[in-house]
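Student: Would you mind keeping the following structure in view while I ask a few things?
The values are calculated or read from the model by the stated rules, or taken from the named source; none is laboratory data. Predicted, not measured: the structure shown is a model, and the values here were computed from it. Every residue, glycine as well, gets a Cβ built from its backbone with ideal geometry; the counts of neighbours run over all protein chains shown.
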Amino acid sequence: MANSISKVCTGCKEDKSLSEFHSQKQGKFGKRSKCKVCYNKDVQTWKDKNPDKVHQYTMTSRNRNRGRYRATYNKWQSQNRDRKNAKEASRRAAKLQASPSWLSKEQKDDIKAMYSLAKKFEVLCGIEYHVDHIAPLKGEEICGLHVPWNLQLLPATVNIKKSNNFLGEL
C-alpha cells in the first residue's frame, strides 16, 4: 500500500488501509488497533460467552427507547405483511401444538412462500387473500396441522365464510 496511509492490525497482524478500521479518538490516526473484521470477531465472541449480559443490555435499551423500537417494528410490519402473517400463523400453530417438529427447512420455506403468494395475489387482483388451513387447526370434527399441504389461498371473503369448518371429505 504505497500511496495510502496504512496501519497494522493487532489482531491479524496484517497491514491494512485505514478505511478497514473503526474510528476511535485515542487510537493512532484516530482508528482502533484492530481492523473491523478482527474487532467484530472479538465482539461476537464476547456476546457468545456473555448471553445474560447481552440480554440485559438489550432489555434495558428497549425499555429506554420503547417508542423508537415500536416505530421500527411497525414500519417493518407494514413493509413485510406476508412475513408477519407467516410468523403469526406459525406461532398460533405452535401454541395449538399443530406445527410438527419433523418439518424440514424447505417445507417451512414453502409455508412462508404461501404468505408471500397471498400478498402478490392481493396486488395483482386488487382483493384481499388469506392463507387458509384446509383442515382447521382447531376444528370441531377434525384438527389439521400447520403444514404446506394443508394450506390453500382463498379470497378473504370466502375464507371468512368458511370459518373454522372442514369442507372436504375424511
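Student: Considering ILE160, ILE142, which residue is more than 22 Å from GLN79 (Cα to Cα), assigned to a helix (DSSP H, G or I), out of contact with any helix residue (DSSP H, G or I) (no Cβ under 6 Å at 6 or more places or on another chain) and without any contact (Cβ under 8 Å) to a residue 40 or more places away in the chain?
Tutor: ILE160
Student: Also: For residues in segment 113-160 being under 15 Å from ALA86 (Cα atoms) and of a type in the set (D, E, K, R), which is surrounded by the most Cβ atoms within 10 Å (Cβ to Cβ)?
Tutor: Per the stated criteria, the residue is ASP132.
Student: Let me ask another. Just to be sure I understand, how many residues within segment 35-59 are under 25 Å from SER19 (Cβ atoms) and polar (S, T, N, Q)?
Tutor: 3
Student: Would you confirm, using the coordinates I've provided, whether TYR69 is part of a helix (DSSP H, G or I) and either touching a strand residue (DSSP E or B) at 6+ places or on another chain (Cβ under 9 Å) or at pLDDT 95 or above (or both)?
Tutor: So TYR69 does not fit the description; no.
Student: Okay, moving on. Specify which of the listed residues (TRP76, TRP46, TRP102) is modelled with pLDDT of 90 or more, within 14 Å of the chain's Cα centre (by Cα) and not acidic (Asp, Glu).
Tutor: When all the criteria are applied, what remains is TRP76.
Student: Still on this structure, please answer the following. Restricting to segment 79-99, and then to whatever is touching a His at 6+ places or on another chain (Cβ under 9 Å) and not polar (S, T, N, Q), can you tell me which residue is modelled with the highest pLDDT?
Tutor: The qualifying residue modelled with the highest pLDDT is ALA89.
Student: Say we look at segment 106-141 and pick out the residues that are more than 18 Å from ALA94 (Cα to Cα) and hydroxyl-bearing (Ser, Thr, Tyr); which of these is farthest from the chain's Cα centre (by Cα)?
Tutor: Residue satisfying both the conditions and the ranking: TYR129.
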